[in-house]
């Protein structure tokens, strides 16, 4: 017998109970930040001595502007139906009168603007306490900024490219803008009569300024693969570029020397500079630049999660697959390894603290985390490679990485959440010989049924990713390959998940039952796609760690031949 | 937040890792025993110095006769398809050549005899290494003894009464015997030309001797409510009587003064007397009578599980409901309580060590364990009260006990396994206002579908309990009341359970999903109705303890009104 449940739970609790902090704004020495503390997500204001809790159980927040923050609460137990609030730094709270919907994202400056989705996806702007629907948007649209009478954002198109949009409140008019059809344009930030944004219309991602009236474009900055944060503070341009999952921060184009890892954002407060920082081994923290370098204002410092490194592997067609590996201190090389498949698919495993990766490494398993095609952070061309091909080329990338890392691992187990859960099910169904086992959290089991249960945003997501092709949806659904699964499979999913709903997962499980497959299923109570509390995070990850302990790390003797009760018997 | 998962797992592991021992035979100072050690069930032979492991992963064993034991292994990962072995005290093992079936029970003396069930239920006897089918029996038949050419046992009838049967191997003839139609007759032990057995044909259960030829009956012993063990050793009659869940052991009718609790069996070895003993606070142990009283030969002694007491409550119709309560040391009175519903239904909560009860009490919850009508240990008339009425009078007994113990508890949660899981689902569906929550392990969700998936034994069980009445099966199935469930529900079940199969549970869960109920589901991999290893026991009980912690002991603030995210917000 390997590690007992209590020891695995301790490993997990050590990882997930570490406080984490995200700065939302800094002004006159007062920090407004989002915290993960005592197993809950809260919002605080702190002037260096007194700390005020502004809200608890917060799902998403805007940045703080003039001492105010907007945030959402999920009021339907994981279903991601949100109520919207505004709170000032003293804790005075105002609930926005808004309809029952999923808040897709929100932005606060002169007003609060948000994108909400239910049967349609729409832009809402507050008028006093009331949220008013101002225009319909395509699914997967983001609001970027609201200044004066202008609301700016990004609107996706069916081919995966994205326009900027500018909505003029007074006139009720929406303008769409793209520098070139098919390009991707994000993160609009409104200045007086101008907008800053990021675009790949000239190839690599660069930062541009657009004159809203003349539509004249001016290149402001270039040099990184992508940009993850863009702001103007005290008249200075702040940008964070990303390359190979690590950040490079700039103030007015001058690099800020930050530790190796991910800089989420940068805030200038008079002569002080703050960043939110994280790495594979550093839970999200707030750092301040002092004469001696970066000092941790809020955060727990480094954790020994193992040896982190970054590699590129050539895939079947010559495309590079950027991959992070974390070699566990509790194992040998080669040793059993988890192939961790990130969600999204438009996401990435960057040099950021990750509960899955940290706890898996700390329980004694290596982690190999390929950024398969479709991942963000390596250029829009790379991200868009999975449009029309999910569970295709991306899955072959993963298989290639497994093969090319064979010197590192003995057995491999696929583990992932959301799209990563989908990839896990597809991996077990389509490459059943490669794996020792698989653990899928909140997976897509059937694109067709998922689409039929989805709101406008996720219907749009499925249609975009699979080009609205029902035959392709069927061909790329794990439920079509359930009979081919050969190794033990663990599935964990929330009963109220409104992104990857439980119904198709239950049908998939019926297939596992009928096929006599070895599996475990954990449907979690009152939980949705996103676990909100330590309790919920534990219920998602602990069964997976127990499963990995039993099936990958310390499989019971004789399990290979399926006859455990015979072993050691004669 | 209450106890973290790691602490709950520690409580559970402390309880389930305690070694337990059952003596199977003692001769010349050599003990043959069945052990729960290091989280596995094994068979050992021990002469006081050297210990030989005879077998591991053992499911069931016979008593040891002349230094030999028969045992079974489950070779289909929880499906209870068994292989049968004979092993001597040196560890020499012989596999019996037997068909693919569930071994219902087995008995060893001059030969090995067993009852096996698949499409039919049959008596098998070994001829050399081979198991030979000798006659068909009704479902739910037990073999009691095999001596010379005679095999004796008990055969159930459709009304719940039971005959003795005597099969004469030479002649291929089977005789049925009952002292009175409708009476219950058990535990036949063969002597030369005679059989000892227990019967209730004169009212209370007594021990009789039957002359096999003349059918003359002689009363041998009386005075207890029921008898749980009967043997003749060195020519002396050994019997263990039971009253109110506690044992009274006799040698030749003279009481053996044993500790308060349960005596599983008694073995005389020359001048030494051994018993297998357990109580609510004593894991199963092997004790030896010395001049100073009973000394523990194998076992861990007492555990502080809380304050155990026994009560009787009057049910709706005047029937007494014998009930054990365990008041947790970690709680107040009144405090949150688990109403623990035993399996069977022909079983009982006696003064015996129980993993569920001990771990629930030690996590800080009181336990109230009613022996509802249908329980064993209180006379056959009481046991048979649930025939034709499962989930009826027995459930009303439980409701009465909850009401009459209101001074002990604040909130109550129903918890049970197997038939106890069934009772839990019925309790939540039919008395939804009474409960704070419910946790059902391996429950019957639908008698009709369970019957359609069952082998002859469990088909016979369903037909007996529900009188073969499909309408009654529907009316008494939890799936008919899924829409009425109002409180959080946790279900844990094994994917390979061949008694209460997973398919109807999944249909029940579909109903929970459609009804928007708060639930969690854990389907366990490669596991059947009976968890065999500490790993499997952990996977059954730990999710239940986590669920009880969240929903009964430390419910999140504001849970009562279903709006946890609002609480503490304004």
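Structure notes:
- Residue B:422 in contact (Cβ under 8 Å) with a residue 60 or more places away in the chain and within 25 Å of residue B:401 (Cβ to Cβ): yes
- Residues that are surrounded by fewer than 23 Cβ atoms within 10 Å (Cβ to Cβ), modelled with pLDDT of 95 or more and either within 30 Å of residue A:541 (Cβ to Cβ) or within 25 Å of the chain's Cα centre (by Cα) (or both) within region B:27-39 comprise B:35, B:36, B:37, listed in sequence order.
- Qualifying position, being within 14 Å of chain A (Cβ to nearest Cβ) and crowded, with 22+ Cβ neighbours inside 10 Å, among B:59, B:75, B:87: B:87
- So residue B:345, is it over 15 Å from residue B:307 (Cβ atoms), in contact with a helix residue (DSSP H, G or I) (Cβ under 7 Å, 6 or more places away or on another chain) and buried (at least 24 other Cβ atoms within 10 Å of the Cβ): yes
- Considering each residue of region A:121-140 in turn, at least one proves to be closer than 17 Å to residue A:84 by Cβ, under 23 Å from the mean Cα position of the chain (by Cα) and in contact (Cβ under 8 Å) with a residue 40 or more places away in the chain.
- In region A:510-535, the residues that are in contact with a strand residue (DSSP E or B) (Cβ under 9 Å, 6 or more places away or on another chain), touching a residue at least 12 places away in the same chain (Cβ under 8 Å), farther than 15 Å from residue B:492 by Cα and facing chain B (nearest Cβ under 10 Å): A:512, A:517, A:518, A:526, A:527, A:532, A:533, A:534
- Taking the criterion of being within 21 Å of residue B:441 (Cα to Cα) and either in a strand (DSSP E or B) or in contact with a helix residue (DSSP H, G or I) (Cβ under 6 Å, 6 or more places away or on another chain) (or both), the residues of region B:387-412 that qualify are B:390, B:391, B:394, B:395, B:411, B:412.
- Restricting attention to region B:194-247, the residues being more than 27 Å from residue B:352 (Cα to Cα), in a strand (DSSP E or B) and touching a residue at least 40 places away in the same chain (Cβ under 8 Å) number 2.
The values are calculated or read from the model by the stated rules, or taken from the named source; none is laboratory data. As the structure is a prediction and not an experimental result, all values here were calculated from the model. Note that we place each Cβ from the backbone using ideal geometry, even for glycine, and neighbour counts take in every protein chain shown.
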